[in-house]
Structure formats: C-alpha cells, structure tokens
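Asks: Handing you a structure now.
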C-alpha cells in the first residue's frame, strides 16, 4: 500500500514536472497500406495521458519532447516513438503476424468472435509473399491438426491433405472445401483422376504379381493417369482468410460431409473507407530438388552385358535426366482494386500466372478474375455477389511420365540420331528395353497432353436485418466446372514395335453444382445472457456430364482432331446427378461471459443412399468456461489475459463414401458379345439396401490461453475420433452370389493432440521477434474389420494391409535381412524366425503367411516452426516443417536396382557396390543371385522391407526476406501507399534419412490410404521467388 | 419495410419450394430393377444375362467382357476322378479329386468358385423372378414365360450344386445337408442372419417345384436347332427327367423312376426333335472339328444337330462367346487315358473320331475328346435326345423290373448309330441279357460311351452305387463321392454351414 502511494506521488510529480514543457502533438496513424486506423490507443509512456485516434486516424495529445508515445491496436504490433521536437507524429502500424484472437471467425452459415468459440477452429491468413499454385499448399504447416504433404513436383497435381488423421477406408479423406458458402468440387482421387493413355492401352501385362519387380508398373491407374488438383483453379491472392473446422461441434453444421474436417475459404471484400489498388509481380526460378545418381552409358552396358552376356554394346552416354529437365522460370502478375462508394463496396481482382515445369516443354497457365460486390439497399437490406472466373491451361500432364521414363531410359542410347539429326527412336542396339520409353525427349516435345479447366464459383445473397439482433439470409451459389482433356500422341516410326502412336483422345466433362442456403441468424444480449444462433436449410444439386472419344490412325499430322481420325470411337458418355437436402440449427449460449454452451443439429438427406437409409442426423454439443473472467484468476493471476476451457462431442459423416446409387441393383448392357445373337444385361452391382452412412463421433477437449498481454498465446486440443459403421469392401458368404461388397462393418479410431504456441519473444520499436510452433500428433487404430479381422487391400492397388488392432493402411511385407557376406545371396526372414536365401514370395501358398506388418505412411508427429524477425523495414520469415514416424516405399530405388525385367531400365550407381568377393559387406546382392528365379528378381520387389524407409524429415520449407519501403519515402510519391520487395526461397534444405530425393512425395496423389509410394515420382522443386507488391 | 419482409419471405419460400426436390436419381447409362423389368426387351436381356451366368457356372463363359469367369469346373467334375479322365500328376489343380483328399488350395479354388458362381447365377434368377413380378408391365403370358425360364435356370443350378455338395444327395440321404436355399434377391448382408444348409430333401423339392412350374409356363414349340439355347417345355421336361432319375435310382424309388420314364417318353415324342441314325451326325453336326490356330482361319460349321435339346452357343460364328473348356483341348491338368479304348469297340466312331490328340503343342502324346476340339469355341451340349433315349431305356427296365423290347430298341438306336455303314455290329436282343442288372450295366456303359465328357459319368456312378465298378470311384469311400463345401463358407458362417459327413 505504501509503495503504491509513493509510486503515485512520484508519477504525479513526474507528470507535473514534464507538464511544464508539454505541448500538443498531432498526427495520423495508418496501416501498412496507408489506410487510416481508428481506435488506436495513443499513450504517453510513463503517464496516464492517453487518447484514441478518430476515424480518419488522427489524434492529438499533449506531450513533452522527451516523452515516448506508444501506439497500440489489437492485431497490430505496438509502436513506440520519441516525440522530439516535432509537432506532427504520424506513424504506420504493422499488422501483427500472430493471428488475432478476437477476430471474427467464419464458422459455417454464420460468424462468431474467436473468444466465443467452443469448437476447435484454426484460422489461417494467407501470406501474399509466397507463391502457391493452390490453396491446399498454402495450408502446409499453418495450422495444428492439418497434415499437408506435396505429392509431387508435377504442376497442377493433387496433394495429400488430411485433418486429424484417416477417418475412412473406402471413402475420401479429403476435407470439404467451402468457398464463400459454396461447397465446391474438391480433391478426391476418384473424381479427379484422368486417363491420359490416349485411347488404346499398349500391351501391358495386367494383373501382374503383387510382388512385382521394382515399380508399381503393372498398375494401369498410375501409369496412364494424372490426378489434377481442382483447387488450382482458385487464385490464392483472393483469399482473405481460411478457417479449418476440426472438431465435431465445428463440423456438425456440415453434417454428413464434415467427418474429414471442413475448410472454409473467405475471399476478400472491399472496404467502404477508400479505394485501394494492389499490384504484385513475382518471378520464380525452379530446379528439381535433387538428382539421382544413375549409371552412365558405359556402366549400363557393362552391367547388362554381365547379366545377359550379350546384347548391350557400349554406344552413347546420355544423361536423360539432364536431357528432360531445365531451370524453369515462372511469372505471376496480379492486380486488385477494392473500395467502396456510398452504400456499395467492391473487390475486383485479376491475375495471370505462367508456371513452367522443370520438365521440358511442360507448363501451366492460370487466368483468374474475381468480383465481389456488396451493396446496402437500405438500412435493413444488403445484397451482394461473389464471383470468380478461372481458366486453367495445364500443358504439363505428361511431365511425370517423361520424368519417370527418363529415369529408366537406357543411357547408352543417344537423344538424337547422329546421321539424320532426328530423334533417336527405340532401344536398339540394346536387345531389350521399354518400347514405350522410345525417347523421353521426343515424348516431351511431341506428345500433346493438356487440360483446360474453366470454372466459375460464385454466389449471390440477400440479407435482411429487421432488427439489430436478427438477420435473414438467402443465398444461391454455384460451381460450374468444365474441363477438356486432350491427349495426342504422334505417329511413330514404323520400325518401333510395342508402342502405339498416332492416336488421340478428347474428354469433356461438364460439372454443375447449385447450392441454395436459407438461414436466420440471431445475436442477442439480454442482461447477463448472450444468445447466438443460426437456423437454416440447404439444398445442393450436382449434375455431371462426361464424354470421351478416342481416335487413331490419323491420315496426316495436320488432320489431328479426333473427328478426322480414320478409326474413332466413343469410350465414355454419361450423365449422373445427385442431390443433398439439409436442415440445420445451431445455438450458442453464454452467461456472464463466462459459461458457454452450444448445440448443433443437422439433418441431411442424400440421393446416394437408398430410401431406407437416406437421412442422417448429426447432433453435437459443446461447453466452454472462460476461467479468466472468474475473480480468482483476475485477482491472483494478473498475467493471464485469457483462459478458456472448452469441450465438445458430436457426430459427423462423409457423404460420397459409396458410389452413386449405392444401394440399387445396377445392370449394364454387354456391348462386346452376345448370347447366341441376343444382347444381354449383366448385373454389375447387386442391390444393397443395408448400405448406410459411416458415423464418426468426435470428442474434443481444448484450452485457449493468452498470457502477458498477448505475448504468449497457446491453443491445445485433445481429440478422440471414433468412426463406426465404417464402409469396408468385405467378404460375403458366397451363397449370396457375391464375394465382396461394401459393408458398414468396420470401426476405427483416431486420437491425438493439436498444439499451437505463439510467442512474441522480443518487442521493441525497431526489432520484433515472433515465433509460432504448431505440433500435431495423431494415432490411428482399426478396432473392428471383417470376419477374418484382416485383409489385403484390393481396392486401390496400393497393396496396403488392414488388420484389427493396427493402424489403417499398413505395409505388409516380406522381411529383407540383407546380403550374406560369404555368398552374396540375399537373406530373408520367415515368420518362424528362420533365415533363408529362398525368397518367401516364391512360395505362393505360404507367401502371405510370411509377411510382417511394417508401419504406415502417415506420420506420428508433424508440425511446423515459424519465426518472424522484423528489424526496422526489413522482415525475415522462415518456416520449418517436419513429420516424424512415417514410412515411404522407395519404389524408385527398387526400379533402379531391377535388371531382370525386359525393360532393361537404367540403374542407380549403387548397383556398382554389388557383392563381388566373399566377405564383402554390402546391401546389394550379387548379380543373378539365389533370389532371381525364372528371370524374376525377388530382391527388388516392393513388397519387401528392403525399400521401406523412414521418411521422417525436417525441412526449411520457406524463407522470406522482405523490405518494406518506408512510409517517409512513399509519402513523397503521393500515390504509392505501400511498396514491398521480397525474396522467397522454398525447400532450401531438408534433413532426412530418406534415401530418395523428396521424402514428401506420394504417387497416389490425394489418397491418404494409398500414400507413401515414391514411384519414380517427380520431386518438388527448389524454388527462388522474387517479387514486389505495391498498393496505391 | 413491409415490402422487404414480403420480398425476403418470397425468396425463402421459393428456396424451400425449390428444395422440395427429388432425392431419387437413377443412373443414365445403367438400368436399375424398376427399369430393367418394366418392359419386355430389357427384361429379356436380363434373362439372357442369366443364361450367361448359368453357362459361367457350368462350363465357363464370358461374364463381363471377353474374359472367362471360371474355367468350366462344374462340367469337368462329371468325368474327373473317374476312369474317363486322368489327372496329370504334377497338375496343381485337380490332383485331390483322385483320392478325395482336398487341401486348402482346392478349398480356395474350384470348391469355392463352383459354389460361388452357382449362387451368383441363382441370384440373377431370383432378381428376375421378383423383378418381373413386381415391375413388369408387358404381356402377361410373356412375363410368365420369363419367370419360367429363370426358374428353369435356378433349378438347373440347384440340381448341380446338390450333386456336387449335397451330403450323399445322390445316395438317397434325404435328411443329409443339401445346400443353402436362397430364393430372394441378395440385398445386403447381415452377419447375424447367416443361413445354414437345407436338407437334401428340401433342395430336391425346390428343384422339382421350380421345374414343374416352369413346365407349365414354358412354350411348347420346339424352335429351330440353332435357337435351342433357351428353355422350352420339353427341355424342362428333359431336365426334370434327369432330376428324377438321379434322385430315385439309388433307393429304387419307383415313384421317381416312373416320373423320369414318363418325362423322357414325353420328350422323345415331342415333335421338332429328330434322332439321326447316321454315324456322320457326330462329325458334321454334333461335334464338328472347330480346331483353329491363331494364324489360320476359323472353320465355320453351321449345321447343328436336330437332336439338341438345350446347349450353350459357343460356335465360332457367335462372336466372342467361348466356353471355358480349353483344358480338354490342351490337356494341361488332365487327359483322356489310353484305357478308354477298353470302353469302345475299335470301329466305334466315338472312339475313332471323338477321341483325338487335341492341341499338338501341349502334351502331344496324350489324348482328349473331340467334344471340345477347338478348345473354346464349341457348343457345350447340356441336353440331347440320346440321353433321353438311354434314360427311357433304363427307367423302363427299372420300373418294370424286366428287360423289354422297347428298352432294347432304344439302346440299339444309340449303339448302332456309333458305327459307320458296313461296320455295324449285330443289334442287341432281349435274350442277350441274362438279368435286369446285365441290361442296366450295358445301358449305363452305353451311356458312358455316348455321353462321356458331357458332364454325366460321375453322377451316374454315384446314383447307381458304382454299378459299373469304376476303379477310381471304387477306391474312395462313398461318403466322399460328393465334394466338401469350401472351408471359407464354413468360416464366414461361423460354423452355421456345416461340412459334409465324409470330410469332417
């Protein structure tokens, strides 16, 4: 008490003493873009003199020259400045990088203050200084519980993104994406995989053995397909914020589609205050992340000659990887105008990106435009329109194939024929080779494989607010997504056999989705009570048309439309449609700002289900306790700004886990043969009235903490997710007439933690240092499967194994022990513990029995660590991402060690380390060893542990250096309000034990259950981006 | 203000109205039950699909595209494990049949597949029977016929499932376990409602009921020989005659045998069929040489015997509809032994012409049957007049317990035809047979000579308690003459489906 009085006296004295010299200081506070900031607290340090800025950013305060003014506004970095002898102290505040705890958060059909949330929601604000091709890439490392992994270095290819683990085996584990209220076509391997075979499939051995040599090359789905990323059509620069709904209370409002999480994307809107023009330009330089060591032509000839004894002469020395790769240069330009006049605000943007692939002659262009318009018709009524228009030309569909072929192409074959100067075709003088890899360079230049997407995503709304606490909103949204795929393969020399040229295929898909939402939102405070809620209904209708034609035998290369082909046929033509009808309600209640409770309920009816199982209701409940409002915290723990405990439980599902019309018996006409001249129908699918929704129940307990005046912010969540009724293609008693069918038979659980810590480590006027740590852990276990409790996956040809008590999608492999140093033969471990040189896979009957469960492709722990350092006008930002405990099947390495196949592919230089003399310690067995049986090399099979590697990694994902041209220069120009120059480096370095090029890739694109194969997959690029951003 | 309220109200009302939409959408390029069975054309196409599945079960046929759904195991079982066919010692497929000692490999292959493909075809029949009844909007008579054909197919398959898996079903063990009776379309699986096996007697009754109902509604007219690929009244009668013969022989059940006799007689007297007495019938019409090589051109025999009652159309001129019986041609897993010469006289065309080398590249020193000369592109003859004659002769004697002139005449028709003009032996006379058993043995032997490799012999041996003394069948305990149910089915039903007595 005494101390306080003294302090008071001192302070009074001090203020009195300085008041002698004080005068009125005026100024203006603006943000980085030059917009005036209202309600900024201006405070004379060490006194109780304080004021706020007006709506034009202006303020006036009395202060002495020796005083320091402090400017603070939530969401911005605090700023200190000495008054000196100036009368005008104008400052600009930088936006804080820490996300703003008090922001409005979009929660689906409504908005809430972050402090009022009782569900688990992460928010991400995109950084415009890093160029991304798609919004999913932007989310990497940005939020706990979100696992994002770039599947390859292919342009426009799909990536893997899961939220809180795998929650379905048969279904799509990708989240639902909602753009400005419109659920859009998003990533799902089945929906986005395209056939790029060009019509006829060259003679490949289908149904090859599981223990296939080297790559998954028998998998037609992989070799002739491209999984595009539908999110690439959205311009990331238009995004204002992204909300990730994770727990059941948050996702329940999307009911039947929320089980894998929901990603809500809100695009930028105009501001009523002033017109603003933003322009940006980025140039980026990309190189593949690394290069594998392959044999040169002479080494290749020697190895194959040693194996086959003849037929592989020394001829040329070609580095095929160098021949097909390049330094790619890409450009991106974007411009936007936003502002408002009277009652109308607008945001209009245009962007153009031209991305080169690091594989020659492959590139992708995106043209995007957006217009967001809002207008107040009167005090009660608003209306608006959000619309984006995108054209995406992806001419890089062939890149991954070219890259894979270049890896395998015999290096003793030249690119060009010396005599004619033409491309050198085929594999002569070698006796064997892959006829399809006739010349990767020629393929890259001559094959025309492209995709043109045009997409319109938009919605219009009308919002009516009869009173201050109620609003009614009707909106109509659409996603028009049309695409045209064009595959043309040129005529090849007649001498080339085993490969079909002169063929083309064209596919057109017209997708159309319409969404109607009608909602009533309430926000009412009465006394100590606060009520917030939404009541609504929604209808969604989707229609998809698809046509595909192929042609071959074109008379001349100039006549290359499929219509001009001498042989042509329709390979596919269909229309399908489905609809979802929903009603939903959410009510959040708060008492005394301390105690919170919420309930959400949604009812969905889907046309994909049979009438008896058509409707699904998904209730959820939550409770929250803002402990920091309690006196015992307020009084005793003054450094606690915010402390909130919350918990939720609820149900969700994932529509689309089964095919369209899942429950009906379906008949197809056999068009290939007749029964004695009579056409006949075959039943392609029996009826299955039992087919029901998967049900995921999620429990979540969370803690939100803010300490030391916002210097430390922490969010912690524990979740337990149990999926019951899970679909699995399980065995049937054969007397049903069928062997397998999707049944709601399995149970699975995921549990884990999401953790985020944001700290402001140093904060002075000139120097700030902020860190963000995201840490997620999730474990998965199948609780119940089918009648035998385990099954090899037949569904997606990725040879994964499912068993009760184990995590989903295991590798199930024969155990490779190593090479016997005495004989050079490989050694294998059998289930009974014995070691033998006879490959267990060669005993077909006992093969499965001798396999071992070997882990999964999903990491145990993953996350990111980001630091932002700001010194004066410079800003350095770097993000590390990491994933621990995952496994990768290095099928690339297996391929590059396989010399027994007829494609006589190139090999990695490690083959030179093969066993040659007794006593030699090596991992490469001798040529033609005891596990090469009937010309088949069991040692290079990808169903062995030999190629399964731990691909845990720590990667410097991005490093950005920015220079903000100071306001004092900009003010002189009168019209430039902000000018930034930056350099961003992506994938600078990676720490990993993985022996391949990139521990992140996945040959199966967005599929989470099939993830973990590096199948000669293009590594990501190391990218150097330089750009400027300016506002006027 | 009011204006806006009503405007918004209108908008929401419009939205809700719009929402009161469809959730029933049928696929465009496929048909669902309601549409398939609504009109005659598509219902008939579904029925054709059912015949295809019958063929898949019996002899292998292209189920989906141009592939083989199974390899014709059901067909092979008529001769495998008897003296007619020797299993190649190193064959991985069928060795177990010789000693009836089945390992997990057989349980996972043909024992499982025959059962599965049988029920797969039965499910299609069940769908047609229910679907036509429920959704059919075409001519009532035609609907009845379609249902009758589906019942014919269902009975056909149950009959063979019973022969194969029924616990001594052909040995008169009426209370033994038959097969699972599934008479409703599959529509989802509930593990708590696994069915068990019905008794042999119950399955026999189901087969007979289906066939009797089918006979009522099937058309009486016998179509042109090339079109006898669908059930008619007489083909159902012929099948039912076979059913009664198999069911009644072991216990000499006179009621059954009388029915078998009378039905055979009815079929024999049905106008439209004709029995040719010329030995050329085998060569030109019944089993012409359809052998082809990839490089050579396909033969194109177009004459079909007027003796045919029901068959699977696989001749070359029917595109891409092969049978799965190439194992005969290639002799990979089994072959016709030299001892087959003991069954025939040397001038018998059925030895001289029908037993031949088959594929010259696979096992050229072994023999096979001309009945599948081209490997795949041969009709698979399910029922023909010769069988009816022999059945009639046999049942005539069994029901009268005496050798009659009429019975001997039918036996002679078959026996005499097999020899070319000028080489025919003396016809049998009643006096040649010292006893009823003598005659029965001769008629059964003739039955084997005539119908060998057409899927009959094993079942004839079983129902007659191995009257002919086949040494291979004789070496196996009777309780193991039938086959075991696949272990898989026992496992998945949690033991509710039980194993046959001989294999416990």
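Asks: Looking at the stretch B:62-71, is at least one residue modelled with pLDDT of 85 or more and either within 25 Å of residue B:476 (Cβ to Cβ) or more than 10 Å from chain A (Cβ to nearest Cβ) (or both)?
Replies: Checking the stretch B:62-71: not a single residue is modelled with pLDDT of 85 or more and either within 25 Å of residue B:476 (Cβ to Cβ) or more than 10 Å from chain A (Cβ to nearest Cβ) (or both).
Asks: Being surrounded by 23 or more Cβ atoms within 10 Å (Cβ to Cβ), facing another protein chain (nearest Cβ under 7 Å) and modelled with pLDDT under 85 is the filter here; which residues of the stretch A:727-744 pass it?
Replies: A:743
Asks: If you take the residues in the stretch B:465-497 that are surrounded by fewer than 17 Cβ atoms within 10 Å (Cβ to Cβ) and touching a helix residue (DSSP H, G or I) at 6+ places or on another chain (Cβ under 7 Å), which one is farthest from residue B:108 (Cα to Cα)?
Replies: The extreme case among them is B:467.
Asks: Could you tell me which of the residues A:387, A:383 is within 14 Å of chain B (Cβ to nearest Cβ), touching a residue at least 40 places away in the same chain (Cβ under 8 Å) and in a strand (DSSP E or B)?
Replies: It is A:383.
Asks: Now for a different question. Checking residue B:453 against (1) in a loop (DSSP other than H, G, I, E, B); (2) away from chain A (no Cβ under 14 Å); (3) surrounded by fewer than 21 Cβ atoms within 10 Å (Cβ to Cβ); (4) touching a residue at least 60 places away in the same chain (Cβ under 8 Å), which test does it fail?
Replies: All conditions are met except number (3).
Conditions tested, residue by residue: (1) part of a loop (DSSP other than H, G, I, E, B); (2) surrounded by fewer than 16 Cβ atoms within 10 Å (Cβ to Cβ).
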| position | (1), (2) |
| --- | --- |
| B:358 | yes, no |
| B:363 | yes, no |
| B:368 | no, no |
| B:421 | yes, yes |
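Asks: Residues in the stretch A:605-614: is at least one at pLDDT 80 or above, in contact with a helix residue (DSSP H, G or I) (Cβ under 7 Å, 6 or more places away or on another chain), in the same structural domain as residue A:643 (by TED's automatic domain parsing) and surrounded by fewer than 17 Cβ atoms within 10 Å (Cβ to Cβ)?
Replies: Checked the stretch A:605-614: no residue is at pLDDT 80 or above, in contact with a helix residue (DSSP H, G or I) (Cβ under 7 Å, 6 or more places away or on another chain), in the same structural domain as residue A:643 (by TED's automatic domain parsing) and surrounded by fewer than 17 Cβ atoms within 10 Å (Cβ to Cβ).
Asks: When the residues of the stretch A:944-1002 are filtered to those that are under 21 Å from residue A:29 (Cα atoms) and surrounded by 21 or more Cβ atoms within 10 Å (Cβ to Cβ), which remaining residue is modelled with the highest pLDDT?
Replies: Step one: of the stretch A:944-1002, the residues under 21 Å from residue A:29 (Cα atoms) are A:963-980.
Those left that are additionally surrounded by 21 or more Cβ atoms within 10 Å (Cβ to Cβ): A:977-978.
Values: A:977: 82, A:978: 85.
The residue in question is A:978.
Asks: Condition first: over 26 Å from residue A:710 (Cα atoms), more than 9 Å from chain B (Cβ to nearest Cβ), surrounded by fewer than 22 Cβ atoms within 10 Å (Cβ to Cβ) and out of contact with any helix residue (DSSP H, G or I) (no Cβ under 7 Å at 6 or more places or on another chain). Can you find one or more residues in the stretch A:678-695 that meet it?
Replies: yes
Asks: Additional query: Just wondering, is there one or more residues in the stretch A:281-290 that are assigned by TED's automatic domain parsing to the domain that holds residue A:751, outside any strand (DSSP E or B) and under 30 Å from the mean Cα position of the chain (by Cα)?
Replies: Scanning the stretch A:281-290 turns up at least one residue that is assigned by TED's automatic domain parsing to the domain that holds residue A:751, outside any strand (DSSP E or B) and under 30 Å from the mean Cα position of the chain (by Cα).
Asks: Listed residues B:181, B:161; which is at pLDDT 95 or above, touching a helix residue (DSSP H, G or I) at 6+ places or on another chain (Cβ under 7 Å), within 14 Å of another protein chain (Cβ to nearest Cβ) and assigned to a loop (DSSP other than H, G, I, E, B)?
Replies: When all the criteria are applied, what remains is B:181.
Asks: In the stretch A:321-374, which residues are in contact with a strand residue (DSSP E or B) (Cβ under 6 Å, 6 or more places away or on another chain), surrounded by fewer than 20 Cβ atoms within 10 Å (Cβ to Cβ) and not in a strand (DSSP E or B)?
Replies: Selection gives A:327, A:343.
Asks: Related question: Checking the condition farther than 22 Å from residue A:747 by Cα, under 36 Å from the mean Cα position of the chain (by Cα), touching a residue at least 12 places away in the same chain (Cβ under 8 Å) and away from every other protein chain (no Cβ under 14 Å), which residue from A:640, A:666, A:649 passes?
Replies: None of the other options fit; the residue is A:640.
Asks: I would also like to ask the following. Could you list, in sequence order, all residues of the stretch B:494-503 that are facing chain A (nearest Cβ under 10 Å) and within 23 Å of residue B:174 (Cβ to Cβ)?
Replies: Residues of the stretch B:494-503 facing chain A (nearest Cβ under 10 Å): B:494, B:496-497.
Of everything in the stretch B:494-503, those that are facing chain A (nearest Cβ under 10 Å) and within 23 Å of residue B:174 (Cβ to Cβ) turn out to be B:496, B:497.
Asks: Does the stretch B:200-218 contain any residue that is part of a loop (DSSP other than H, G, I, E, B), surrounded by fewer than 18 Cβ atoms within 10 Å (Cβ to Cβ) and more than 11 Å from every other protein chain (Cβ to nearest Cβ)?
Replies: No.
Asks: How many of the residues making up the stretch A:32-46 are surrounded by fewer than 18 Cβ atoms within 10 Å (Cβ to Cβ) and either in a strand (DSSP E or B) or in contact with a helix residue (DSSP H, G or I) (Cβ under 8 Å, 6 or more places away or on another chain) (or both)?
Replies: Counting residues in the stretch A:32-46 that are surrounded by fewer than 18 Cβ atoms within 10 Å (Cβ to Cβ) and either in a strand (DSSP E or B) or in contact with a helix residue (DSSP H, G or I) (Cβ under 8 Å, 6 or more places away or on another chain) (or both) gives 3.
Asks: With the structure loaded, tell me whether residue B:241 is within 21 Å of residue B:457 (Cβ to Cβ), away from every other protein chain (no Cβ under 14 Å), within 19 Å of the chain's Cα centre (by Cα) and not in a loop (DSSP other than H, G, I, E, B) or whether it fails that test.
Replies: yes
Asks: Still on this structure, I have one more. When the residues of the stretch A:536-549 are filtered to those that are more than 11 Å from chain B (Cβ to nearest Cβ) and buried (at least 17 other Cβ atoms within 10 Å of the Cβ), which remaining residue is farthest from residue A:583 (Cα to Cα)?
Replies: Among those that are more than 11 Å from chain B (Cβ to nearest Cβ) and buried (at least 17 other Cβ atoms within 10 Å of the Cβ), it is A:549.
Asks: Among B:155, B:121, which is under 23 Å from residue B:206 (Cα atoms), away from every other protein chain (no Cβ under 12 Å), touching a residue at least 24 places away in the same chain (Cβ under 8 Å) and not in a loop (DSSP other than H, G, I, E, B)?
Replies: Values: B:121 fails: away from every other protein chain (no Cβ under 12 Å).
Exactly one of B:155, B:121 is under 23 Å from residue B:206 (Cα atoms), away from every other protein chain (no Cβ under 12 Å), touching a residue at least 24 places away in the same chain (Cβ under 8 Å) and not in a loop (DSSP other than H, G, I, E, B), namely B:155.
Asks: Sticking with this one: Can you tell me which of (1) surrounded by 17 or more Cβ atoms within 10 Å (Cβ to Cβ); (2) away from chain B (no Cβ under 14 Å); (3) more than 24 Å from the chain's Cα centre (by Cα) is the one residue A:703 doesn't meet?
Replies: If we test residue A:703 against (1) surrounded by 17 or more Cβ atoms within 10 Å (Cβ to Cβ); (2) away from chain B (no Cβ under 14 Å); (3) more than 24 Å from the chain's Cα centre (by Cα), just (1) comes out false.
Asks: Let me ask you something else. Within the stretch A:561-600, which residues are part of a strand (DSSP E or B), touching a residue at least 60 places away in the same chain (Cβ under 8 Å) and more than 14 Å from chain B (Cβ to nearest Cβ)?
Replies: Once the filter is applied, which keeps residues that are part of a strand (DSSP E or B), touching a residue at least 60 places away in the same chain (Cβ under 8 Å) and more than 14 Å from chain B (Cβ to nearest Cβ), the stretch A:561-600 yields A:565, A:586, A:588, A:589, A:590, A:591, A:596, A:597, A:598, A:600.
Asks: Among the residues of the stretch A:723-745, what is the count of those that are more than 12 Å from residue A:692 (Cα to Cα) and assigned to a strand (DSSP E or B)?
Replies: 6
Asks: Now, a different point. Taking into account only those residues within the stretch B:17-54 that are modelled with pLDDT under 55 and at the interface with another protein chain (Cβ under 7 Å from one of its Cβ atoms), which is farthest from the chain's Cα centre (by Cα)?
Replies: B:18
Asks: Same structure again: Among the candidates A:119, A:131, A:156, single out the residue that is at positive phi, touching a strand residue (DSSP E or B) at 6+ places or on another chain (Cβ under 8 Å) and not assigned by TED's automatic domain parsing to the domain that holds residue A:598. If you could, list the steps in order and put the result at the bottom.
Replies: Values: A:119 fails: at positive phi; A:131 fails: at positive phi.
Answer to the selection: A:156.
Asks: Also, quick follow-up: Condition check: assigned to a helix (DSSP H, G or I), over 30 Å from residue A:742 (Cβ atoms) and within 11 Å of another protein chain (Cβ to nearest Cβ). Does residue B:226 satisfy that?
Replies: yes
The values are calculated or read from the model by the stated rules, or taken from the named source; none is laboratory data. Not measured: the values here are computed from a predicted model. For neighbour counting, all protein chains shown are included, and Cβ atoms are generated from backbone atoms with ideal geometry for every residue, glycine included.
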